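Taking it in order: structure first as structure tokens, then the write-up.
Read-outs throughout are calculated quantities, based only on the coordinates presented, and are distinct from any laboratory measurement. Given the structure is predicted, the values throughout are model-derived calculations rather than measurements. For neighbour counting, all protein chains shown are included, and Cβ atoms are generated from backbone atoms with ideal geometry for every residue, glycine included.
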Amino acid sequence: MSDEELAKDLGLLSALTIGIGTMIGAGIFVLPGIAAQEAGPIVVLSFAIGGCIALINALCISELATAMPKAGGGYYYVNRGLGPLFGSIAGLGDWMGLAFASAFYCIGFGGYLAGAFGDVTFVLPLLGTVHLIPELDLLLFTLNQTQVGALVAGVLFVGVNYIGAKETGGLQTVIVLILLGILTVFAFAGFFYFDYSVLVVDGWAPTEMGYGAVLPATALVFVSFLGYAKIATVGEEMKNPGRNLPIALVGSVVIVTLIYVALMLVMLGVVPWDELSDRIPVSQVAGVTLTPVMGGVGVGLMTFAALLATASSANASILSSARINFAMGRDRVVTDWLNEIHPRFATPYRSILVTGFLIVVFIAALGERLDVLSRAASVLHLIVYGLMNIALITFREADVEGYSPDFRVPLYPYMPIAGTVFSFGLIAFMASTAQLLSALFVVGAVAWYFFYGRKNAKVEGVLSDVILKKGDDVHPLAVSAAEAVKPEGEYRVMVPVANPATQEGLVRMGATLAEANDGRLVVVHVATVPDQTPLDRGAEELDVVSPEAEELMERSREMAEAAGVEVETHTVLSHEGFEQVYDAADRYKADVTVLGWSGRDRAGGRVGGTFDEVARSLPCDFVVYDDRDGEINQVLVAVGGGPDVALGGDVAAALQDVEGAAVRLLHVVDSPEDEDEGREFLEEWASERGLEDVEFVVDTSGDVQQALRAQAEDSDVVIVGAVGEGLLERLARGSLVLDVLYDVEASVVLTEVERGRSLREKLFGWRN
């Protein structure tokens, strides 16, 4: 797990093939017969409408993906925009939807496999003769040939993901080009046998169905459009993602929609809609169009294409489900137990096995109800798409700092509103079983959040954050609702350790902050690998750094446990050193990071180097600690204005509560006439921090340097908030405050809070 920059080597063609290859699966190779028997020839329009809805959602996803190129896709956007309650619905919906879709793809694979090999008569009779457990006889007899093939496929795909074999970008491109080539041959040959009278043998909308069947059929076939969002997960690896990612998302949907419409016209113009196979429709049509020219090779070619497409879609869905679990586990919406990495294969094997178990259950229980599987996958994804559109509106309307997508959806807000209405609206045309499923699922996801997620999740979400901050300006019911669903995740203090000489002081400070806030200590050791060494090779040679890392981790655990604080430890392999701290703080959801400081850094009391100052914002609050003598009996806090100093007060309160330290507050005013006002300021400031029995020192000299130097002589620890000057100002003339701190004998604590700052503020400071 590292923060190395991903190479921008994924071109537009590769991105297009990711979306196209994931979408062209069981949807077009299996659903045409089932959908045609529900709607008649008008089902061609159903595929077109499904493509239009997918196109609107693709435009909205393009904006979110270029603004937040993060793993987790739709779950990540919803969780950050609407909060962990809706994030739970989106994440669990995406996960379960992929499980249903994977089962659906496996059934498609099994159907064509059974068709290719004919009746596998030895399988089911063999199963049927097993009477060791009579209660299972019914299950054994109801597994048809297609289900047996699907189960074999499901176990195979789960096994491939379990051991970590992966498909390369080049292979995916080859697979898609082969599929497109075969389908082009199929469509071209079909047009020679196309008969319009066969297509409309009973009219475009047969009497028993009517035009009202269009939208229910759209809801059924929407599972055919579920792959395009996968492109968003590789945005960080794309060349010029601001341009190529939207083109790939939109282009893949347009291309696939045109392919679907063309193939449906061909199939329904060759075989009457009521005779089209509900299991292997493409092979059935190929038997009419390709056999006269190619013999049995034609049908075999289409069977091969179907097996290739369904296998690719099933494998991609299982892979994506593991990534969603990772994202939810990091946010503690679900237990991170699922994300345990296999010691040999380096895969999240538990997540894959749980998903695989669900797929097997769905195949066994619903193998003969492809319509239920497809609708279940569609309805859960439609819920996610609807929430993603609402999240986009939330980000825009809240004017979130740092939300600066390279692509902005056209016709805002009408486009995301339309995506919301169409996504949720299509659920109304689902079969009653799918509607019931969606209702039960939402209730279950909400219950899960209040049972587990709310106690552990920390990300509040933009929507609730805005509601709670506006307070009196928002309707009381909205405020009450936001309070009711606000996450209650534990307070987490991260301590990066690398040097045994400074480890004790850092872990002690981190444990103190964690204990004062009833939180958890997270100790991270970053093992640096030379740039010339690939990280995976470094992982193989981890024993080179393991002894040092293990010793650091063991000592940290002992110290934390001695302090009565819960602790977790992580070793991270990286090409970077300090930069990895940012990513680790974000990955492990730290509320505050305690970082070592040598006292020689003159960068104005701010964490990070000059490049990080300009390029990045802090992922959490930072406490930079230079432990010089280990004593924490007398604490001095330099009190001014701003949130950074306020964080220093919180640190002082923790040292007072846990270490029993005596605390003095120093405030410098310009003249003796301001002394009373300065004292009132200190009293109010201490009360807000929960500091009691503290000594107030109001220096009337107006000289901050001299006051700090004088008061530090009787102190063990001096706490100062980050200096307000901007980077350029500090580089030009340095920081007088830090010059003082460099000279004092007391230990020094510098504090800086997480804040979203513009480039101008990073360069020139945020002071008025």
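Some observations on this one:
- Extension gain for ILE247 to ASP703 (0.36 nm times residue separation, less C-alpha to C-alpha distance): 158.2 nm.
- Volume in Å³ per residue [convex hull over Cα atoms, computed for segment 12-451]: 151 Å³
- For peptides 276-286, 216-226, sequence by mean Cβ density within 10 Å, most packed first: 216-226, 276-286
- Trypsin sites (Lys or Arg not before Pro) restricted to segment 321-390 and DSSP loop, no more than 13 other C-beta within 10 Å: ARG344
- Added length on full extension, which subtracts the Cα-Cα distance from 0.36 nm per residue, PHE191 to ALA710: 177.6 nm
- Taking only alpha carbon atoms, segment 227-293 gives an Rg to Rh ratio of 1.21, where Rh is the Kirkwood radius.
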